[in-house]
Amino acid sequence: MIKTTEKSVFKLPKSLKAGMKFPFCAGCDHGVAIRLVAEVLDEMNLREKTIAVASIGCSVMLYDYLDTDCVEAPHGRALAAATGVKRTNKDKFVLTYQGDGDFASIGLAESLHAALRGEKVSAICINNTTYGMTGGQAGPTTIMGQITKTSPNGRNEEYYGYPIKIAEQVALCDGTAYSARCSLDSIANIKKTKEAIRKTFEVQLQGLGFGFVEILSTCPTNWHLTPQESHERVRNELFQVYPLGVYKEV
Amino acid sequence: MTKTLTTGNHAIAQAAINAGCDGYFGYPITPQSEIGEFMSKKMQELERAYVCAESEIAAINMVLGACSTGAKAMTSSSSCAVALMQESLSYIAADELPVVLVSVMRAGPGLGYIYPSQGDYNQATIGGGNGDYKIIVLAPSTVQECIDLTYKSFYLAQKYRNPTILLADGLLAQMMEPVEFNEYPYPEISIEDWALTGAKNRDSRAIYSLGPQEDRLVERVETLFNKYKQIEENEVEFEEYQTDNADLIVTCFGSIARNVKSAINQCREKGLKVGMLRPITLYPFPTKKYQELAKTTKKFLTIEMNMGQMVRDVRLAVNGQVPVEFFGKSVGQWLSVEDIAAEIERLNS
């Protein structure tokens, strides 16, 4: 007679809505990033006091996945909205989830000024080096030589200038308590990303200042690569331009 | 109650505090910078939220965030900078957030100058944001009304969960008048069934305007317009002055009504049958009142410190029943009592 025991080895975090399904393209890292956010919210018991701020882009439907209160901000203004939420609700936990276009192009002023003011909020920025939702155009983080729908000959200095190093820029702000760049290309890096997310949440709870993590992510559809090739691109091309690491920790 | 001598800007700021404003977010622009200056001091004393925003775009989105949690929050600005806020006003209307925006008009277009003007009637009542939406607009003509209508702005914003603009101008903002700071006279409106307060002992809530499902988007806009219908039925406010048996009704809004009244008094002394209708709510517009008066008067004269903006709403309301004339200049100081009285006499001759 064989005796069996059941052990749960995998379940959805409570901070994700029951029955929700990510609509992201195959191989896109958004789902992994959002799951990590939800896991850390669970582990730090923050779900019930969280007010999340959604941004514009593939990140927009955050409220369809996260089982927390959530407000949508106009394009680029997530950290302004988060400032308004936090300043009038100091006991709440406030996070933004944005893409690199939202955070570092149209919203650069709002992002850096939130960091300069040392807003006690946590910001997560997905950097996939393109405008994903609109179909893969050149963005602020598109790397030199990268071919996109609006850089058909590859990004060059003459027409496009240079990409922004977001985590480094945020680290330069005196109000920043934590700034790191992570990746989701391997199990080890996924674990590191989760720890960085935890850190951005902790500095908010400790009142130390602005918490930020930039997550290098894939966009297989617009990169015209397979999911596996996409993670190889992250390792082989993006790590050179956007080195992983903690750029500021107070 | 004792009277205090104060400016329109300070009256608005103190009234906002009395109304229970939890957060002020703003960026300086003449002629309304004193509102932000006053708030920077008083809000910190009261340990309420105050942020010197990096731009008007940031300021209005801070207000969006604050109001999504049910906080009473506001910003104040002027003309070219209110133009920067139009995208967010559309979001705020779609999200049904109780935002209060104080818009103190200066002369435009472009950078223009800080002269008093009423050139932003269209900007406030029609707006430059995208899509089908409406904003409640209240227009004071005295410093006392700056107080009373600031109170009302917070109340209507909360009551209808709708953005509300207090539309003043540089003249009103900078001039001093004796006023009474009565207490905030309106009931507090519960935010419990919609505000983002953390998903504790209830389902999570989301406030957003994205509508990928066509039927849901249609339903949302229809809900908004049912609300606007309620606003139009319940909240129209205007001032009528000597309209009984008036052959000519002068119609105007905001600070220029002061000169119009003086001109009407002069003309009445000369035996001219002239009166005034002043919309206080620019949206909802007192359309029915115009239609009613059009049955008894012979003519309307719209006077504005602009090249003719409200006159279009007057003509739509009057709908050809009687003629609607216009008299205005883009900058207000040229519309003296004498100028207005001369125009009234010209139309009567």
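Being of a type in the set (Lys, Arg) and in contact with a Leu (Cβ under 7 Å, 6 or more places away or on another chain) is a property that holds for B:Lys299.
The number of residues in the range B:45-79 being at the interface with another protein chain (Cβ under 8 Å from one of its Cβ atoms), farther than 19 Å from A:Val94 by Cβ and not in a loop (DSSP other than H, G, I, E, B) comes to 1.
Examine the range A:150-167 for a residue that is surrounded by 18 or more Cβ atoms within 10 Å (Cβ to Cβ), touching a residue at least 12 places away in the same chain (Cβ under 8 Å) and touching a Leu at 6+ places or on another chain (Cβ under 6 Å), and state whether such a residue exists. No - not one qualifying residue is present in the range A:150-167.
If a residue must be in contact with a Leu (Cβ under 9 Å, 6 or more places away or on another chain), closer than 24 Å to A:Leu79 by Cα, hydrophobic (A, V, I, L, M, F, W, C) and assigned to a helix (DSSP H, G or I), how many such residues does the range A:194-238 contain? Qualifying residue count for the region: 3. Residues being out of contact with any Lys or Arg (no Cβ under 8 Å at 6 or more places or on another chain) and among the polar types (S, T, N, Q) are represented in the range A:59-69 by at least one member. Could you run through the range B:90-101 and say how many residues are more than 10 Å from chain A (Cβ to nearest Cβ) and assigned to a helix (DSSP H, G or I)? So the count comes out to 1.
Please determine whether any residue of the range B:79-98 is β-branched (Val, Ile, Thr), on the phi < 0 side of the Ramachandran plot and under 13 Å from the mean Cα position of the chain (by Cα). There is at least one residue in the range B:79-98 that is β-branched (Val, Ile, Thr), on the phi < 0 side of the Ramachandran plot and under 13 Å from the mean Cα position of the chain (by Cα). Scanning the range B:76-124 for residues that are surrounded by fewer than 21 Cβ atoms within 10 Å (Cβ to Cβ), touching a helix residue (DSSP H, G or I) at 6+ places or on another chain (Cβ under 8 Å) and hydroxyl-bearing (Ser, Thr, Tyr) yields a single hit, B:Tyr115. Any residue at all in the range B:170-186 that is within 14 Å of chain A (Cβ to nearest Cβ) and acidic (Asp, Glu)? No; the residues of the range B:170-186 include none that is within 14 Å of chain A (Cβ to nearest Cβ) and acidic (Asp, Glu).
Return a yes/no flag: does the range A:4-21 have any residue that is within 10 Å of chain B (Cβ to nearest Cβ), buried (at least 23 other Cβ atoms within 10 Å of the Cβ) and modelled with pLDDT of 95 or more. Yes, that holds for at least one residue.
Name the helices (runs of 4 or more DSSP H) wholly within the range B:131-234 that hold at least 2 residues that are aliphatic (A, V, I, L, M) and closer than 17 Å to B:Phe285 by Cβ?
Working: elements: B:143-160, B:170-174, B:214-234.
By residue number, B:143-160.
In this entry, B:Pro140 passes the filter for residues that are in contact with a Cys (Cβ under 6 Å, 6 or more places away or on another chain), under 22 Å from B:Leu277 (Cβ atoms) and at pLDDT 95 or above. Is there a residue in the range B:265-283 that is outside the structural domain of B:Thr150 (by TED's automatic domain parsing), closer than 19 Å to B:Ile136 by Cβ, of a type in the set (Ser, Thr, Tyr) and under 19 Å from the mean Cα position of the chain (by Cα)? Within the range B:265-283, one or more residues are outside the structural domain of B:Thr150 (by TED's automatic domain parsing), closer than 19 Å to B:Ile136 by Cβ, of a type in the set (Ser, Thr, Tyr) and under 19 Å from the mean Cα position of the chain (by Cα). Taking the range A:72-117 only, how many residues are under 18 Å from A:Ile166 (Cα atoms), at the interface with chain B (Cβ under 7 Å from one of its Cβ atoms) and buried (at least 24 other Cβ atoms within 10 Å of the Cβ)? Residues that pass the stated criteria total 3.
Select from the range A:57-66 the residues that are within 8 Å of chain B (Cβ to nearest Cβ) and crowded, with 24+ Cβ neighbours inside 10 Å and list them in ascending order. Scanning the range A:57-66 gives a single hit, A:Leu66.
Could we say that B:Thr243 is over 30 Å from B:Ile344 (Cα atoms) and within 26 Å of the chain's Cα centre (by Cα) here? No. For the range B:1-44, give me the residue count where each residue is within 14 Å of another protein chain (Cβ to nearest Cβ) and more than 20 Å from B:Ala168 (Cα to Cα). Count: 6.
With respect to the stated conditions, B:Ser103 fails to be within 15 Å of the chain's Cα centre (by Cα), in the same structural domain as B:Leu64 (by TED's automatic domain parsing) and over 16 Å from B:His10 (Cα atoms). When we screen B:Gly308, B:Gly254 for residues that are without any contact (Cβ under 8 Å) to a residue 24 or more places away in the chain, on the phi > 0 side of the Ramachandran plot and outside the structural domain of B:Pro140 (by TED's automatic domain parsing), the only hit is B:Gly308.
Can you report the number of residues in the range A:226-250 which are surrounded by fewer than 18 Cβ atoms within 10 Å (Cβ to Cβ) and over 18 Å from A:Arg155 (Cβ atoms)? Counting residues in the range A:226-250 that are surrounded by fewer than 18 Cβ atoms within 10 Å (Cβ to Cβ) and over 18 Å from A:Arg155 (Cβ atoms) gives 11. Taking only pairs six or more apart or across chains, which ones have beta-carbon atoms under 6 Å, a first residue in the range B:257-276 that is closer than 14 Å to B:Ala342 by Cα, and a second residue that is modelled with pLDDT under 95 and not hydroxyl-bearing (Ser, Thr, Tyr)? Note: pairs meeting the criteria are B:Leu272/B:Asn348.
Which is at pLDDT below 95 and at negative phi, of B:Ser349, B:Ser262? Can you show your working first?
Values: B:Ser262 fails: at pLDDT below 95.
Criteria check complete, one pass: B:Ser349.
If only residues of the range A:42-56 that are surrounded by 24 or more Cβ atoms within 10 Å (Cβ to Cβ) and of a type outside the set (Ser, Thr, Tyr) are counted, the one that is nearest to the other protein chains (Cβ to nearest Cβ) is A:Ile51. Considering the conditions (1) over 14 Å from the mean Cα position of the chain (by Cα); (2) part of a loop (DSSP other than H, G, I, E, B); (3) more than 14 Å from every other protein chain (Cβ to nearest Cβ), A:Glu39 is excluded by exactly one of them, (2).
The values are calculated or read from the model by the stated rules, or taken from the named source; none is laboratory data. Because the structure is a prediction, the values reported are computed rather than measured. Using ideal geometry, Cβ is built from the backbone for each residue, glycine included, and neighbour counts are taken over all protein chains shown.
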